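One structure below.
The values are calculated or read from the model by the stated rules, or taken from the named source; none is laboratory data. Keep in mind it's a predicted model, so treat the numbers as computed, not measured. Here the Cβ positions follow ideal geometry from the backbone for every residue, glycine too, while neighbour counts run over all protein chains shown. Accessible surface areas use protein heavy atoms only, side chains included; no ligands, DNA or RNA. Shrake-Rupley method; radii C 1.70, N 1.55, O 1.52, S 1.80 Å.
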Amino acid sequence: MALCGTVSKENFNNIPDLELNPIRSKIVRAFFDNRNLRKGPGGLADEINFEDFLTIMSYFRPIDSTMDEEQVQLCRKEKLRFLFHMYDSDSDGRITLEEYRNVVEELLSGNPHIEKESARSIADGAMMEAASVCVGRMEPDQVYEGITFDDFLKIWQGIDIETKMHVRFLNVETIALCH
């Protein structure tokens, strides 16, 4: 039960749009992740207050036409850091193969045509691709330890995260027209 003025993880169970999302648990967890709340290197908050909620929502702000290139890049980096934290479930600063497998399995869990073993193969192939992008050619006995945040930035280079990861809010002009 949340205190007055706070939201708990259980409150997110009442959001219809999240109900069918296969990575719902990861999304909800991201709202309570102390790294995303800018409150520490790891762990989860039991509840969030309004200020915490605004902090999380700031990751979803759209790119503003008044932003200069430096601001756009900072916004992009923050969005990607939020996503990175969703994958890095143990907060060790690295997305391991096992963590990535869990995400892929969750994403594909609603598809009856893809078995768990196929999802694992997809994750394994994607991790090998990440290794080739981030490390380059690897020796046969070399082990890729996982994706660091710098690696994550390389992988997402050229992908338009800015327009895909945002929430549109009503602007003042729109609100004035509603009255």
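Largest first, how would 164, 154 line up by accessible area (1.4 Å probe)?
Largest to smallest exposure gives the sequence 164, 154.
What does the C-alpha gyration tensor say about the overall shape of region 1-145? Classify as rounded when a/c is under 1.5, otherwise prolate if a/b is larger than b/c, or oblate.
Verdict is oblate for region 1-145.
Could you tell me whether region 1-41 comes out rounded, prolate or oblate from its Cα gyration tensor? Rule is a ≥ b ≥ c as square roots of the eigenvalues, rounded for a/c under 1.5, then prolate if a/b exceeds b/c, otherwise oblate.
Because a/c hits 1.5 or more and a/b fails to exceed b/c, region 1-41 counts as oblate.
Starting from region 11-74, pick out the chymotrypsin sites (Phe, Trp or Tyr not before Pro) whose DSSP state is loop and whose Cβ has at most 15 other Cβ atoms within 10 Å.
Qualifying residues, ordered by number: 60.
Using +1 at the Cβ of each Lys and Arg and -1 at the Cβ of each Asp and Glu in the chain, identify which of 159, 20, 102 lies farthest towards the dipole's positive end.
20
Run the helix sum for the chain: -39,500 (n - 2.57) per DSSP H stretch of 4+ residues, divided by residue count, reported at 222 nm to the nearest 500 deg cm²/dmol.
Rounded to the nearest 500, the figure is -15000 deg cm²/dmol.
In Å², and per residue, what accessible area does the chain have when probed at 1.4 Å with the other protein chains present?
Ligands and nucleic acids excluded, the result is 65 Å² per residue.
Using Cα atoms only, what is the angle between the long axis of helix 69-87 and the major principal axis of the chain, expressed in degrees (0 to 90) to the nearest 10?
70
By a straight-distance test (C-alpha under 18 Å), which aspartates and glutamates pair with residue 77 as possible cross-link partners, with residues fewer than eight away in the same chain excluded?
Within the straight-line cut-off, residue 77 pairs with 33, 64, 68, 69, 88, 150, 151, 160, 162.
Give the carbon-plus-sulfur fraction of the accessible surface of region 1-155 in %, rounded to a whole number; probe 1.4 Å, heavy atoms of protein chains only.
In region 1-155, the share of accessible area belonging to carbon and sulfur is 53 percent.
Placing unit charges on C-beta atoms (Lys and Arg positive, Asp and Glu negative, everything else neutral), compute the dipole magnitude of the chain about its Cα centre in debye, rounded to 20.
280
What accessible area, in Å² to the nearest ten, does a 1.4 Å probe give for residue 86?
Here the accessible area works out near 30 Å².
By the gyration tensor of its Cα atoms, with a ≥ b ≥ c the square roots of the eigenvalues, what is the shape of region 109-166: rounded for a/c under 1.5, prolate for a/b over b/c, or oblate?
oblate
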